[in-house]
Amino acid sequence: MQCAKVIETLPAYLDNALELGRSVELERHVETCAECRRELEQSRELKRNISTAAYHRAPDSLRLAIAKNLAREQAQPVAEPSPVKRTIFRPAAAGFGLAASMTLAFMLGWALKPAASGADTELLDAHLRSLQGEHLTDVASSDRHTVKPWFNGKLEFAPAVADYDAQGFTLKGGRLDYLNSRPACVLVYQRRRHIINVFIQPVADAEFSHASRNGFNIQTFQKNGLNYWLVSDLNPQELAELGQLLNTAK
Ligand SMILES: [Zn+2]
């Protein structure tokens with residue numbers, strides 16, 4: 001048996017998948033060939049390490065997954081209305097206090113509600129999914145006359161669709177998504193390089209809070225029996241600007 005043939009059949013030999021005659025030939029060769037013997041020993045050692053590593057790695061990854069879940073659980077905001085309100089308007093509140101920002105909240109018609117557990121995680125997940133995949137928009141158009149009819153027949157409600165390009169929020173298109181296992185209309189806007197997903201769904205039991213998480217801001221309001229959620233890495237002040245535009249649109 002030639003050295004090259006030995007090297008080629010080493011994996012099969014180590015897997016006990018080589019026919020007996022070949023195995024005998026191989027063993028006879030490595031007895032006399034130091035180079036192939038070294039190859040065999042190294043391969044055997046590598047195989048042993050891989051199986052040992054695989055055995056030990058599994059509990060590690062499990063531990064990591066559990067730690068991640070725990071961190072996620074602990075990151076859930078406590079359902080206390082006043083800190084939530086403060087968190088949302090704090091960056092905008094450079095010049096005015098909490099009372100003033102609450103007045104602003106009323107003026108904007110924000111429906112401030114305590115966090116429903118896990119709900120804004122679902123929003124953020126949907127937002128991130130839209131950024132990662134190829135599925136940001138089902139209908140890509142800045143023309144509201146193209147975007148609005150696209151939702152016809154796909155939803156049991158018909159949200160107003162508008163472009164706010166003049167105000168710096170460019171309509172990118174629309175998408176059908178799911179929140180709480182119910183279909184939701186998503187309007188996608190862009191501000192500079194920031195994508196903003198506006199999730200719209202009929203008001204039901206779903207109650208999401210204003211929240212800031214992992215650098216993403218979520219704001220919500222209710223209008224004409226619909227819930228609107230704005231999700232973006234855009235700063236809260238500018239996100240509230242779009243919220244106001246959507247909220248005051250006819
Ligand atoms: Zn050899």
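Please verify whether Gln237 is in the same structural domain as His135 (by TED's automatic domain parsing) and part of a strand (DSSP E or B), treating the condition exactly as stated.
Values: in the same structural domain as His135 (by TED's automatic domain parsing): yes; part of a strand (DSSP E or B): no.
No: the conditions fail for Gln237.
May I ask you to list the residues in segment 227-240 that are in contact with a strand residue (DSSP E or B) (Cβ under 9 Å, 6 or more places away or on another chain) and surrounded by fewer than 17 Cβ atoms within 10 Å (Cβ to Cβ)? Walk me through it before giving the result.
Step one: of segment 227-240, the residues in contact with a strand residue (DSSP E or B) (Cβ under 9 Å, 6 or more places away or on another chain) are 227-236, 238-240.
If the condition is that a residue be in contact with a strand residue (DSSP E or B) (Cβ under 9 Å, 6 or more places away or on another chain) and surrounded by fewer than 17 Cβ atoms within 10 Å (Cβ to Cβ), then Asp233, Asn235 are the ones that fit.
Quick check on my filter: what residues within segment 8-21 are surrounded by 15 or more Cβ atoms within 10 Å (Cβ to Cβ) and within 15 Å of the ligand (Cβ to nearest atom)?
Going residue by residue through segment 8-21, those that are surrounded by 15 or more Cβ atoms within 10 Å (Cβ to Cβ) are 9-10, 13-14, 18.
Residues satisfying the conditions are Thr9, Leu10, Tyr13.
How many residues does segment 157-185 hold that are touching a residue at least 60 places away in the same chain (Cβ under 8 Å) and part of a strand (DSSP E or B)?
Final tally of qualifying residues: 2.
Tell me, which residue of segment 154-184 that is touching a helix residue (DSSP H, G or I) at 6+ places or on another chain (Cβ under 8 Å) and among the acidic types (Asp, Glu) is farthest from Glu241 (Cα to Cα)?
Here the residue is Asp177.
Take the residues of segment 146-191 that are exposed (fewer than 15 other Cβ atoms within 10 Å of the Cβ) and of a type in the set (Gly, Ala, Ser): which is nearest to Thr248 (Cα to Cα)?
That would be Ala160.
Scan (1) hydrophobic (A, V, I, L, M, F, W, C); (2) at pLDDT 85 or above; (3) more than 16 Å from the ligand (Cβ to nearest atom) for the single condition Leu62 breaks and write down its number.
Every listed condition holds for Leu62 apart from (2).
Does at least one position in segment 15-31 carry a residue that is modelled with pLDDT of 85 or more and touching a Lys or Arg at 6+ places or on another chain (Cβ under 6 Å)?
Scanning segment 15-31 turns up at least one residue that is modelled with pLDDT of 85 or more and touching a Lys or Arg at 6+ places or on another chain (Cβ under 6 Å).
Name the residues in segment 26-44 that are more than 9 Å from the ligand (Cβ to nearest atom) and either in contact with a Pro (Cβ under 7 Å, 6 or more places away or on another chain) or among the polar types (S, T, N, Q) (or both), would you?
Residues of segment 26-44 that are more than 9 Å from the ligand (Cβ to nearest atom), as a first pass: 26-28, 31, 38, 40-44.
Result: Gln42, Ser43.
Among the residues of segment 195-226, what is the count of those that are within 18 Å of Lys148 (Cβ to Cβ), in contact with a Leu (Cβ under 7 Å, 6 or more places away or on another chain) and either surrounded by fewer than 20 Cβ atoms within 10 Å (Cβ to Cβ) or at pLDDT below 90 (or both)?
Of the residues in segment 195-226, 2 are within 18 Å of Lys148 (Cβ to Cβ), in contact with a Leu (Cβ under 7 Å, 6 or more places away or on another chain) and either surrounded by fewer than 20 Cβ atoms within 10 Å (Cβ to Cβ) or at pLDDT below 90 (or both).
Residues being β-branched (Val, Ile, Thr) and farther than 18 Å from Ser130 by Cα: count how many of those fall in segment 146-200. Lay out the reasoning, then the answer.
The first filter runs over segment 146-200 and keeps only residues β-branched (Val, Ile, Thr), leaving 146-147, 161, 170, 186, 188, 195-196, 198, 200.
Filter again for farther than 18 Å from Ser130 by Cα, leaving 146, 161.
Final tally of qualifying residues: 2.
The values are calculated or read from the model by the stated rules, or taken from the named source; none is laboratory data. Since the structure is predicted, the reported quantities are computational estimates derived from the model, not experimental observations. We place every Cβ from the backbone using ideal geometry, glycine too, and count neighbours over all the protein chains shown.
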